[in-house]
Amino acid sequence: MKYRTLVLLTFLAAPALSAQLKPVPAPNAADRANVERLERSLAHDSMEGRGTATLGSTKAARFLANEMKKVGLVSAGDSGFYQRVPMFMPLPRPADTSAAGRGNTNPVPGGRGGTRVITAPRAPDPEACQPRDSRGGSLYPAQKTAYDSLMRMYLARAARGDTIDSLPVGGRGRGGAPGGGGRGAQAPVARPTRLPSLADLDTVPMERRRNAVNVVGMIPGSDPVLKNEVILVLSHYDHLGMRAPATPGGDSVFNGADDDAAGTVAVLEIARLLKKSGSPKRTIVFANMTGEETGLIGTNWFIAHPAFPLTQIVAGFEIEMIGRPDSLAGGPGKAWLTGYERSTMGDMLKQYGIAIVPDVRPTQSFFTRSDNIGLARRGIVAHTLSTFNLHTDYHQLSDDVDKVDFDHMTAVIHSGAEAVRHLADGPKPEWHTGCSPQAPAQGGRGAGGR
Ligand SMILES: [Zn+2]
């Protein structure tokens with residue numbers, strides 16, 4: 001058979017075949033050169049570590065909006081691709097020189113100066129939603145024992161008169177800018193703080209207003225019914241910014257090549273691939289959030305001011321730290337999904353042959369440590385895809401682009417694009433009974449950042 005006829009037949013047969021196997025048009029292959037271009041731009045020193053509400057993050061946001069435009073997304077912010085997040089720089093509080101202040105190694109942001117506030121431990125989730133450890137054993141008994149002893153301590157302290165904060169904590173203190181804890185009479189570091197509304201910006205002197213934005217674009221759905229359902233694909237583009245170099249001329253930029261420039265690149269490349277492979281049935285919103293490292297500020301603002309009513313968002317798919325392979329997930333090209341056991345999303349994607357496995361380090365509670373948890377606590381089935389292998393460059397100046405494995409990252413992005421295509425055109429994921437995380441208490445905070 002002449003080569004040309006063979007190609008034609010294959011070309012004609014291929015879609016029919018994939019239609020049987022995969023009922024949706026598979027996106028073209030992720031483009032390694034484009035992935036590298038985007039990653040090297042975002043993790044470059046000129047982005048100044050993309051600290052929230054800094055010039056560096058403004059540069060990054062401009063770059064991202066421009067890329068979304070180039071890909072052909074429809075803008076979905078309140079100002080083009082930008083969703084403005086009102087922030088200001090509070091006046092630094094004077095160092096608390098009182099005995100209580102000096103002894104207090106862990107001042108709580110927003111807490112009363114020098115007062116030690118204790119928080120209630122969070123009850124472990126039902127056993128049915130708990131991931132299995134490497135030997136297949138349940139983590140629940142250990143978590144329950146830990147919870148019981150923490151609760152006993154909490155109640156004893158409350159009885160002793162310590163100031164209690166009844167709102168359970170979710171990871172605060174593990175993210176955020178370095179230098180939060182004070183030793184001796186150090187003035188707490190003033191950092192950009194979110195205002196309740198855009199209108200409140202007018203109450204702040206101009207010089208203390210800070211520019212912060214989420215970058216949001218979308219591909220409208222084509223199905224007359226399903227177009228009203230939304231898949232939210234997100235990452236956080238902010239990182240830790242800069243600090244004074246330890247030695248003259250030393251490194252001063254937290255480039256955050258893995259955290260989370262890698263996930264932000266994935267969102268852009270997935271948008272490009274989905275845009276090229278035919279309009280999806282459901283609407284897909286692509287969002288690069290700000291303020292994750294300082295407490296999910298951008299995501300919480302998006303949740304309070306969503307591009308679509310939260311009830312229309314049927315799934316959240318976050319990508320976080322996919323720059324390096326994780327041997328526990330099976331090595332290069334393989335990724336894990338946080339909270340896999342909680343909903344049908346993981347198994348559904350696996351059935352389509354996508355290289356995704358359950359979270360390989362369940363004791364790290366990654367499910368509650370990134371933007372997805374803000375959405376999940378509002379009932380939206382939301383998980384994070386990652387290949388973070390606990391490398392020691394995490395939140396260090398050394399999280400640089402020369403440590404990124406672009407073949408691995410490109411392969412994971414391709415899996416991500418396939419996953420989003422199925423979420424947009426296939427069945428929507430559902431929580432397993434009793435496995436959607438507890439909604440935050442009224443006025444409660446979201447979780448902390450990673
Ligand atoms: Zn991160």
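The values are calculated or read from the model by the stated rules, or taken from the named source; none is laboratory data. All of these numbers come straight from a predicted model, not from anything done at the bench. Ideal geometry is used to build each Cβ from the backbone, glycine not excepted, and the neighbour counts take in all protein chains shown. Note: accessible area is taken over every heavy atom of the protein model, side chains too, but ligands, DNA and RNA are not part of it. Shrake-Rupley method; radii C 1.70, N 1.55, O 1.52, S 1.80 Å.
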Can you tell me the FRET efficiency between residue 93 and residue 396 if r is taken as the Cβ-Cβ distance and R0 is 30 Å, rounded to the nearest 0.05? 0.60
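Let me check something: with ligands and nucleic acids excluded, how do 206, 153 order by accessible area (1.4 Å probe), largest to smallest?
Per-residue accessible area, sorted high to low, gives 206, 153.
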From the phi of every residue in region 309-314, what ³J(HN,Hα) in whole Hz does the Karplus formula 6.51 cos²θ - 1.76 cosθ + 1.60 yield, where θ is phi - 60° and glycine or proline is x? x, 3, 5, 8, 7, 9
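Could you give the accessible area per residue of region 330-450, probe 1.4 Å, as a whole number in Å²?
Counting only protein heavy atoms, the per-residue value for region 330-450 is 33 Å².
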Return the sequence-ordered ³J(HN,Hα) values of region 419-429 in whole Hz as given by the Karplus equation 6.51 cos²θ - 1.76 cosθ + 1.60 applied to θ = phi - 60°, using x for Gly and Pro. 4, 5, 4, 5, 5, 7, 10, x, x, 8, x
Inter-centroid distance (Cα atoms) of region 232-295 relative to region 318-384, Å: 17
Quick query: amide H of residue 195 versus all other amide H atoms, modeled in the peptide plane; which residues come in under 5 Å with a sequence gap of 5 or more or a different chain? 87, 88
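Distance check, please: which entries in 59/275; 276/428; 59/403; 403/428 exceed 31 angstrom between their Cα atoms? Let's see the in-between values first.
Details: 59/275 25 Å; 276/428 22 Å; 59/403 23 Å; 403/428 36 Å.
Flagged as over cut-off: 403/428.
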